[in-house]
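Working notes for the structure below.
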Amino acid sequence: MGHVTRRQFLRSAGGAVAVAGLSGCRTGAGEIAPPSGRRVIVIGGGWGGATAAKYLRMADPAIEVVLLEPSTRFVSCPFSNLVLSGVRKLPSLTFGYDGLRTHGVILRHELAQALDADQRRVRVADGYLAYDRVIVSPGVDFQWEQIEGLAAAKDTVLHAWKAGPQTVALARQLQEMADGGVVVMTVPPVAYRCPPGPYERACQIAWFLKTRKPKSTLLVLDANPSIVSKAALFRAAWQSYPNLEYRQSNKVVKVDPAKREVTTEFGDVVRYDVVNIIPPQRASGIVVEADLVGADKRWCEVDHLTYESLKAKNVHVIGDATIGLPVPKSGTIANAQGKIAAAAVVSLLNGRAVAPMAPLNTCYSWISDREVIAVVNAYRIDHGKVVQIEQKLTPGPSTVYADHAVAWATNIWNDILA
Amino acid sequence: MIRSIVAAAVGLALASAAGVAVAGPVDAPGYAKAFACSACHGLGGNSTAAATPVLAGMSAWYFKKAIEDYASGRRVSAEMEPFAKMVKQQGVDDVANYFAAQPRAPREVKVDRAAVANGRKMSIVCAGCHGDEGGGDAARGVPSLQGQPAAYLKNQMLLFKADRRSPGEPQLASLKAIMKTMDDAMLADLAAYYASLGR
């Protein structure tokens, strides 16, 4: 493609031909490619970013879409708690990015090192990538410093809150624990990724212990004053798990892996055989360093119709990194926001009005190897803001909802990646 | 039991070589109101999952009836009730017309030939209302069954059998009476038959 001019290249970029685009276009001053007037960079290939990249290309194949994502594999966080109980294996939650390539998304498996909103460019390892608009779906980073001893113990004290090697490693720690052992897991203070996730995890670990290591116990230390999501449904589910002890308002402030102890803010010391600390969270470093976070220094406020940052023009933030919308930090929401931001960016680049688009949320939680509970949220747009119409919970757990959960996963994984 | 993979190729929307824009799933009218459905129902309503109905190509009148029934609780669904209310607030006609206009995507399905053959024999009792090939009859308010996922169809038959879908609706009394004469295996065969049609 080296002899094809950029204009000819863009004209022809209606299909899956754009993959080789950037590498042949190196220019001076650290710019890998000159501004094209039609380039959108997407930072992060998770539930929000991968969706946005695909839908940008579907809505306007003349837009060049570059997705920056270090990982070559997409690993689903939803359903990954089932890996801890051995009900699922991680490969069944792992997918490639080839589907996005067939849509003509240019994948660069590297880290976006910095976002320069003033210059409209992103720093990568070998220079800068200019953009016309950027969609940032950066996910969360952990606030290691909030728990004494955690930063130094990252490799052994596992979070398993980003599905991948840590998920498999924590499952192995649980399998290798002697029967009669004590598992301690922590729930971080809100806001954090996937509000019901820690409680689903408690169910999965308790189910595993009950069926495989019946003399063992699980202690859940929750930093919050009560169960954050689906509280009544989880409390009912835990009736089946007498091996599970739940302590609210028990924020863990210290971990000592040598002594195998955690300490709560009240000074209670708890010994463990296996520990799973889900650390406090904030938006990922790149948006913190670009000063896109609000007064809380943790999360990004955005326009409810376009997801454009309230702090920087031409920068759209989606997914778990956002705050100020009445939505949970869930995969379904990130997927919906990816579509909304993509449609808004395409409209803005083409000088068209942005159509109001309301997200929705579905969230399934596995309370055993076969039963599921769910919550759904319906929204509308009112005076430019996302407003909740209704939240509804399933009346109780059911294998029917397990079928629905599998159906949801099947269709949404395709919606993101195929 | 003989199983074979049948690759169907119905309703392929071919983009015009002359460059005439064809409205795709993301720029068709109504997309801004229907887009979020794809999380569970697939892009353009082309669900590939067993438990979720295909919305692509669904008759607008039946889509609207389903939304009304979910919103009112005649069809009980914790998931669909709030979303049905959301669709009604947004304008059910736009969403119904969007999905009615979406082509069915080709889809690989596992076909159990013995089940399909048995289901075809039993379908005589259904054909009086749903038609010989399960295409439905809009004038009489009878929906098409063609090409819906077998697990979804079977679930709905079980709900009718237990009178948990549209309880007490006079028009459905004979349908429910028929369902009560069938056991799980028979319902599964019927579902396999109708799932195999229209593709």
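The values are calculated or read from the model by the stated rules, or taken from the named source; none is laboratory data. Since the model is a prediction, treat every value here as computed from it, not as a measurement. Reconstructed Cβ throughout: ideal geometry from the backbone, glycine too, with neighbour counts over all protein chains shown.
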Discussion item. Being among the charged types (D, E, K, R), under 21 Å from the mean Cα position of the chain (by Cα) and at the interface with chain B (Cβ under 9 Å from one of its Cβ atoms): is that true of residue A:392 here?
Written reply: no
Fill in: Matching option when the condition is in contact with a Lys or Arg (Cβ under 6 Å, 6 or more places away or on another chain) and closer than 30 Å to residue A:312 by Cα, among A:97, A:128
A:128
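Can you confirm whether residue B:147 is assigned to a loop (DSSP other than H, G, I, E, B), farther than 23 Å from residue A:400 by Cβ and small (Gly, Ala, Ser)?
For residue B:147, the condition - assigned to a loop (DSSP other than H, G, I, E, B), farther than 23 Å from residue A:400 by Cβ and small (Gly, Ala, Ser) - is not met.
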Discussion item. Pairs needed: first member in the stretch A:229-258, farther than 19 Å from residue A:186 by Cβ; second member anywhere, buried (at least 20 other Cβ atoms within 10 Å of the Cβ) and β-branched (Val, Ile, Thr); C-beta distance under 6 Å; at least 6 residues apart or different chains.
Written reply: A:233/A:373; A:237/A:367
Item to complete: Consider residue B:145 carefully, then state whether it is farther than 22 Å from residue B:72 by Cβ, buried (at least 19 other Cβ atoms within 10 Å of the Cβ) and within 14 Å of another protein chain (Cβ to nearest Cβ).
Response: no
Fill in: Residue list for the stretch A:57-82, filter: of a type in the set (A, V, I, L, M) and within 16 Å of residue A:42 (Cβ to Cβ)
A:58, A:59, A:63, A:65, A:66, A:67, A:68
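If only one of A:378, A:374, A:402 is outside any strand (DSSP E or B), within 12 Å of chain B (Cβ to nearest Cβ) and among the aliphatic types (A, V, I, L, M), which one is it? Write out each step before concluding.
Numbers: A:378 fails: outside any strand (DSSP E or B); A:374 fails: outside any strand (DSSP E or B).
Matching residue, one of A:378, A:374, A:402: A:402.
Would you please name the residue that is farthest from residue A:197 (Cα to Cα), looking only at residues in the stretch A:63-109 that are of a type in the set (D, E, K, R) and outside any strand (DSSP E or B)? Give the derivation first.
Taking the stretch A:63-109 first, the residues of a type in the set (D, E, K, R) are A:64, A:69, A:73, A:88-89, A:98, A:101, A:108.
Narrowing further to those that are outside any strand (DSSP E or B): A:69, A:73, A:88-89, A:98, A:101.
Details: A:69: 24, A:73: 22, A:88: 16, A:89: 18, A:98: 29, A:101: 31 Å.
Top of the filtered list is A:101.
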Discussion item. Is it the case, given these coordinates, that residue A:239 is modelled with pLDDT of 95 or more, farther than 22 Å from residue A:60 by Cα and crowded, with 21+ Cβ neighbours inside 10 Å?
Written reply: no
Worksheet item: residue B:106 passes all but one of (1) surrounded by fewer than 18 Cβ atoms within 10 Å (Cβ to Cβ); (2) within 14 Å of chain A (Cβ to nearest Cβ); (3) in a helix (DSSP H, G or I); which number fails?
Response: (3)
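Please find, within the stretch A:221-257, the residue that is farthest from the chain's Cα centre (by Cα) out of those that are acidic (Asp, Glu) and under 17 Å from residue A:146 (Cβ atoms).
Applying the first criterion (acidic (Asp, Glu)) to the stretch A:221-257 yields A:222, A:245, A:256.
Filter once more, so that each one left must be under 17 Å from residue A:146 (Cβ atoms): A:222, A:256.
Details: A:222: 21, A:256: 28 Å.
Checking each candidate, the answer is A:256.
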Worksheet item: Can you find a residue in the stretch B:80-89 that is touching a residue at least 60 places away in the same chain (Cβ under 8 Å), crowded, with 21+ Cβ neighbours inside 10 Å and within 14 Å of chain A (Cβ to nearest Cβ)?
Response: no
Item to complete: Determine if the stretch A:384-402 includes at least one residue that is closer than 19 Å to residue B:35 by Cβ and of a type in the set (Phe, Trp, Tyr).
Response: no
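Take the residues in the stretch A:341-363 that are under 25 Å from residue A:227 (Cα atoms) and free of Cβ contacts under 8 Å to residues at least 60 places away in the same chain, then tell me which one is farthest from the other protein chains (Cβ to nearest Cβ). Spell out how you get there, then give the answer.
As a first pass, look at the stretch A:341-363 and keep what is under 25 Å from residue A:227 (Cα atoms): A:359-363.
If we keep only those that are free of Cβ contacts under 8 Å to residues at least 60 places away in the same chain too, we end up with A:359-362.
Working: A:359: 6, A:360: 5, A:361: 9, A:362: 6 Å.
The qualifying residue farthest from the other protein chains (Cβ to nearest Cβ) is A:361.
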Worksheet, complete the sentence: The correct count of residues that are under 19 Å from residue A:258 (Cβ atoms) and either of a type in the set (Val, Ile, Thr) or more than 23 Å from the chain's Cα centre (by Cα) (or both) in the stretch A:154-175 is 3
Fill in: Pick from the stretch A:307-340, criterion in a loop (DSSP other than H, G, I, E, B) and within 13 Å of chain B (Cβ to nearest Cβ), ranking: nearest to the chain's Cα centre (by Cα)
A:330
